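Here's the structure, in structure tokens; my notes come after.
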Amino acid sequence: MRCRFGGRGPDILMHFNSEINLFPTVVKLGDSVATGHVIGLTLAGDELLSTSMAKRWQIRSKSSRFTLLGYKLPLEKTSIEMSTVAGSTTHGKPSNPHLGPADDALGIRRHYDPHSTLLLVGFFGAGKRTLGIIASVALRRRFIDFDSYFQQQVQSSPQKFIARHGLAQYRDIELKVSRELLSNNEKNCVIVGLGAFASRPQLTLLAEFAQQHPVVYVRRDEQDLRQFVTTSQEKFDRLFELGNEFFESCSNFDFFNLTQGLPQHKSVPAYLKLKETERLFVTFLRRIFGSYIPQTFSSEPFSASHTFSLEVSSSWLEDKSRELELLETGADAITLVVTPHEIHPARLAARLSRHIATLRKHSRVAIIIDAEGLSSSPQDPRSYNQLLGMILRLAPEALVISLECDERVIRRLNASRGYTKIIGGLHDKLPVGSRHASITPAALHEKTRQFELDAIRLTGESQLPDDNLQCVSFIQEATALINLPVIAYNSGSLGRASICLNPTLSPVVLPSTNHDGVTLQKAQLAMAGLFLLPQKKFTIFGRSVKYSLSPEMHHAAYEYSGLPHTYDTTQADDISVVNQLLNDNDRGGVTISLPFKSAVLPFIDEITPDAKDMQAVNTVVLEQNYQPDGSRVTVRRGYNTDHIGIRDCIDKHLSPANAVRDGTTALIVGAGGMARAAIYACYELGVRRICIYNRTHENAQRLADYWNEWAQSKAGVNLLVDVLRSSDPWPSDIRLPTIVVPCIPPFQIGSEQHPVVFKIPDEWLESRTGGVFVEVAYGPFKTQLMEQMLPRASKGWVVVSGLLVLIEQGIAQYELFTKRPAPVHVMRRVIQEQSLKYGFVHQ
């Protein structure tokens, strides 16, 4: 090929025996530098690079060696002349108006048909295909890889087509096939592989598709991508910059695919690290499509129930000594505060994307990005618009903006925010509610009523401790005028009391980050001291709770979070004793243990739909409601968190080879209340064939009959539950189980010194791919079933301890009891410490 590069410096005519197209490039030969456009390629010295970062190949000729990050191609002998579009005068910067930060950074619509096709773009090695398969399964959509589609349409792979016909002809057919692919698959698909060779026509095509469909740029750490490139760091940086601009220009969302570390325990297979990637990406997609399900059972963050948001900075997230587990401190949200000096650093979009990914990986609460303090910074006004557009690509739950910015910015922001909530912020140098302050409740109402906001935040600066009391009056007056959550507090050390009194998303800090702020623990202790947070008693009730670790787990979480509650035990042989607990006005809830999970139902006023389906309750929340005449009525509300613990343990430890699909079978051992939860957990995961194995055949049959009748009563529910005896062979018409959940106690009820003796027939456990075994019991004895399964770890079986089930269900139970997100790292640490102390860890 003969290419002429024109622009800055002398024209350079070069000959290549391969075909290339137009894209911004810089050519450096000796002292001569020229800038032109060669799509998909960056030329420097004797190396030729493509922004696609697809499959690596090398061309060797007599005069030079070229390394192209594109498709594997043979060296063409033909020579084709090709003129370039000269005129670019910025090194490494594209002249295409689609590339780089757009002028209309907030002009992208982000509401989509729930069935809109999802398109993933990004560099080779970013993980698009893996994420695409995850998305297709989670969204129940057809997965389409462009290379495979091209093969079907042209009867040739892209590599072979280029080898036979050249890159120029491939460009034409690629554009035609791409357009056909997108136009014929606008709904119910997940597409990956487009944009492998960055070209102007394809950029235009993808940008047009993004107007009505979510197009996600999958980012990855540069060092991870670097391993696919055999070139110098300088040339890689240039290549990365060009490709990054292309993918940013044709997409409307960013997802940073974090490299997942190996599991902490060597006994856990490495492939399970993909479970975390799956959780993060599926949650991200649900935010895009507006089907996000909160991951906690606590109060809604925007409710006026004294919710808190943990404030963190980019500098803290980038500090190598940070403790990321502290992000689950118990706050209702996490706010990433973006400061003025962070607007223009190199690759800000990638940094923000990484930070949000890190926050989502290490927490389960809403993520808020605070950009209020940037509108008044001495930067180009366009920078604020571009920053807001950049943030919306991350699909945060909420965004704080300044109400002092241009009104047109706020209106355009509303048009393109998707499902992100907008908090309008104002700051006054006087205390909130001061009689000298210019921002009154009436003025705030007048300023905000024309905007579509989800909440309003007003901050001031305290001059005296008494200034904080005026915040309470201000919030009450403003709330009466404005039908929105009103957040109001004073900053600084003198304003800490107002933070504790503010009812919605009060800012809290980590103990090590800000001495002027308030930690969550101190805020809730202050509320308890003011009797705004009454002390409650919680109890675990059962026939044998001697070895329960629930009290230690809940106590530690209460203490860490600053809650004044207590948790104790009550052991009894008769279910009627529970009535005394439920009638105690100072009690906030009761944990129901064996064998009363079904027997407690007559004592409950209300029951959640899932607990009703299971006919089993392990959590009773006591809510005190006041009537118009001033009388107090206690409502006993029943929940089941056992199935949550079992379901999550199965899901987190089930290998890809044993992923739930048509024909997956589960084996449940036992027929009590916990077995009901296990069956429901398997049903939630998509298992439709379940077998019950129990010592008392009649009890197992009654349980199977219940679930089969339940399935028949529900429209569209396909579930079949069978009963097996120990002498029965495994049914020939169903697969061997890959999910086994024993739901029997570790010892005889009422006799802690006599372990339960029970085994599963070995021939039932011969699944060639192994499976997951979730033991729900724990205690000083290693159950016989655990002894039976541990040697099978080498045959693909993952054995999950009952301690993990305890933690997972306990997290949900804590949040139902307290209406606060659980400090998960504290609960895990305590269970680990206490289980070692009492000898509950069995290997």
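The sole residue among Leu388, Leu399 that is within 21 Å of Gly290 (Cβ to Cβ) and part of a strand (DSSP E or B) is Leu399.
Look at Thr664 and say whether it is within 29 Å of Ser726 (Cβ to Cβ), touching a residue at least 60 places away in the same chain (Cβ under 8 Å) and hydroxyl-bearing (Ser, Thr, Tyr). Answer is yes for this residue. Scanning the range 331-366 for residues that are farther than 21 Å from Leu280 by Cβ and assigned to a strand (DSSP E or B) returns a single hit, Val337. If you check Arg702, Arg688 for being basic (Lys, Arg) and either in contact with an Asp or Glu (Cβ under 9 Å, 6 or more places away or on another chain) or without any contact (Cβ under 8 Å) to a residue 12 or more places away in the chain (or both), only one passes: Arg688. When Arg417 is tested against the conditions (1) crowded, with 17+ Cβ neighbours inside 10 Å; (2) out of contact with any Gly (no Cβ under 7 Å at 6 or more places or on another chain); (3) more than 21 Å from Glu248 (Cα to Cα); (4) modelled with pLDDT under 95, the lone failure is (3).
When the range 226-263 is filtered for residues that are hydroxyl-bearing (Ser, Thr, Tyr) and under 16 Å from Gly389 (Cα atoms), the ones remaining, listed by number, are Ser249, Ser251. Out of all the residues in the range 143-180, which are without any contact (Cβ under 8 Å) to a residue 60 or more places away in the chain and either among the β-branched types (Val, Ile, Thr) or outside any helix (DSSP H, G or I) (or both)? Scanning the range 143-180 gives Phe143, Ile144, Asp145, Val154, Gln155, Ser156, Ser157, Ile173, Val177. For the range 605-655, the set of residues classified as among the small types (Gly, Ala, Ser), modelled with pLDDT of 95 or more and surrounded by fewer than 24 Cβ atoms within 10 Å (Cβ to Cβ) consists of Gly638 only.
In the range 786-822, of all residues being of a type in the set (Phe, Trp, Tyr) and touching a residue at least 60 places away in the same chain (Cβ under 8 Å), the one that is surrounded by the fewest Cβ atoms within 10 Å (Cβ to Cβ) corresponds to Phe817. When residues in the range 468-506 are screened for being over 19 Å from Thr519 (Cβ atoms) and either out of contact with any Ser or Thr (no Cβ under 7 Å at 6 or more places or on another chain) or among the hydrophobic types (A, V, I, L, M, F, W, C) (or both), 17 of them pass.
Just one of the listed residues (Asn502, Asn490, Asn483) is out of contact with any helix residue (DSSP H, G or I) (no Cβ under 6 Å at 6 or more places or on another chain) and within 28 Å of Ser313 (Cα to Cα), namely Asn502.
Here Pro731 does not fit the description of being in contact (Cβ under 8 Å) with a residue 40 or more places away in the chain and surrounded by 20 or more Cβ atoms within 10 Å (Cβ to Cβ).
Applying the criterion of being more than 21 Å from Thr307 (Cα to Cα) and part of a strand (DSSP E or B) to the residues of the range 567-588, the residue that is nearest to the chain's Cα centre (by Cα) is Tyr567. Scanning the range 559-572 for residues that are surrounded by 20 or more Cβ atoms within 10 Å (Cβ to Cβ), of a type in the set (Ser, Thr, Tyr) and in contact (Cβ under 8 Å) with a residue 40 or more places away in the chain yields a single hit, Ser561. Restricted to the range 621-642, and to residues there that are free of Cβ contacts under 8 Å to residues at least 40 places away in the same chain and part of a strand (DSSP E or B), the residue that is farthest from Ser593 (Cα to Cα) is Tyr626.
A quick yes/no check of all residues on (1) farther than 26 Å from Ser473 by Cα; (2) surrounded by fewer than 19 Cβ atoms within 10 Å (Cβ to Cβ):
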| site | (1), (2) |
| --- | --- |
| Gly495 | no, no |
| Leu501 | no, no |
| Thr513 | yes, yes |
| Leu520 | no, no |
| Ala523 | no, no |
| Gly529 | no, yes |
| Pro534 | no, yes |
| Gly542 | yes, no |
| Glu552 | yes, yes |
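The values are calculated or read from the model by the stated rules, or taken from the named source; none is laboratory data. Because the structure is a prediction, the values reported are computed rather than measured. Here the Cβ is made from the backbone with ideal geometry for all residues, glycine too, and neighbour counts use every protein chain on show.
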